[in-house]
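*Asks:* Questions regarding the structure given below will be posed in turn.
The values are calculated or read from the model by the stated rules, or taken from the named source; none is laboratory data. It should be emphasised that the depicted structure is a prediction, and the values quoted were computed from it without experimental measurement. Please note: Cβ atoms are built from the backbone with ideal geometry, for glycine as well, and neighbour counts cover all protein chains shown.
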């Protein structure tokens, strides 16, 4: 009988995952996807109330998970938490924020707030998880939720775009440095996904028209659109994928 290739597994049994921004939206969806695939998931967010509700619902489904109060803008707290609870085989950093304004109106406080989370926080969180893996001699998959806006520009989004373009840059550099250690570093770049954090955008008719014109598939995204992409990158099915951006944008950046 001719031997046939075997499809790599998407299962994650025996692996520990850290998901930030996990109390709602994309982060919550990613935590569920990883737990459903068999990983033990540590769900992190700044506030515990909604996070505890997510944990309770996941426990009711039989998922292995726990909560962690964590603000990724607090680098010292991140380093301590990852050191104490790691090593983590998988990281999904979904923590992020935006303060949209015309470039001429950008305020220093808004710039610093966005960068402290989207760039500084993401950088040092990724670094901390990688350090734990290297010290333990383990491979891993580190995933930052970036954005299609890391590849294009947008009205009133100069600061947000700057933060996400930077995430793409350090992802590629880290992938080069840690590849020999078996640590993969990638981004997922969603289009506009309907979550509690994006509702203010969908409440603006002119913004909705702009979005619908750009998305070639004719619809905005939902959290489920991101879950499979993250599961793929976390699993052995993406064993040779590193330093890249997985676009989940309905064709926005195809132009």
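*Asks:* Identify, please: which residue in segment 193-210 is assigned to a helix (DSSP H, G or I) and within 17 Å of the chain's Cα centre (by Cα) and is, among those, surrounded by the most Cβ atoms within 10 Å (Cβ to Cβ)?
*Replies:* 198
*Asks:* Out of all the residues in segment 48-65, is one or more in contact (Cβ under 8 Å) with a residue 60 or more places away in the chain and surrounded by 13 or more Cβ atoms within 10 Å (Cβ to Cβ)?
*Replies:* no
*Asks:* Would you tally the residues in segment 170-192 being touching a helix residue (DSSP H, G or I) at 6+ places or on another chain (Cβ under 9 Å), surrounded by fewer than 21 Cβ atoms within 10 Å (Cβ to Cβ) and at negative phi?
*Replies:* Final tally of qualifying residues: 3.
*Asks:* Residues being surrounded by 24 or more Cβ atoms within 10 Å (Cβ to Cβ) and touching a strand residue (DSSP E or B) at 6+ places or on another chain (Cβ under 7 Å): count how many of those fall in segment 24-41.
*Replies:* Summing the residues that are surrounded by 24 or more Cβ atoms within 10 Å (Cβ to Cβ) and touching a strand residue (DSSP E or B) at 6+ places or on another chain (Cβ under 7 Å) in segment 24-41 gives 7.
*Asks:* A further question follows. If you check 231, 240, which single one turns out to be under 28 Å from residue 18 (Cα atoms) and touching a residue at least 12 places away in the same chain (Cβ under 8 Å)?
*Replies:* Going through 231, 240 in turn, the sole match is 231.
*Asks:* Can you pull out the helices (runs of 4 or more DSSP H) entirely within segment 59-138 that have at least 2 residues that are modelled with pLDDT of 95 or more and under 22 Å from residue 178 (Cα atoms)?
*Replies:* 75-85, 122-136
*Asks:* Oh, and also: Is there a residue being surrounded by fewer than 18 Cβ atoms within 10 Å (Cβ to Cβ), at pLDDT 95 or above and either closer than 23 Å to residue 115 by Cβ or in contact with a helix residue (DSSP H, G or I) (Cβ under 6 Å, 6 or more places away or on another chain) (or both) anywhere in segment 9-21?
*Replies:* yes
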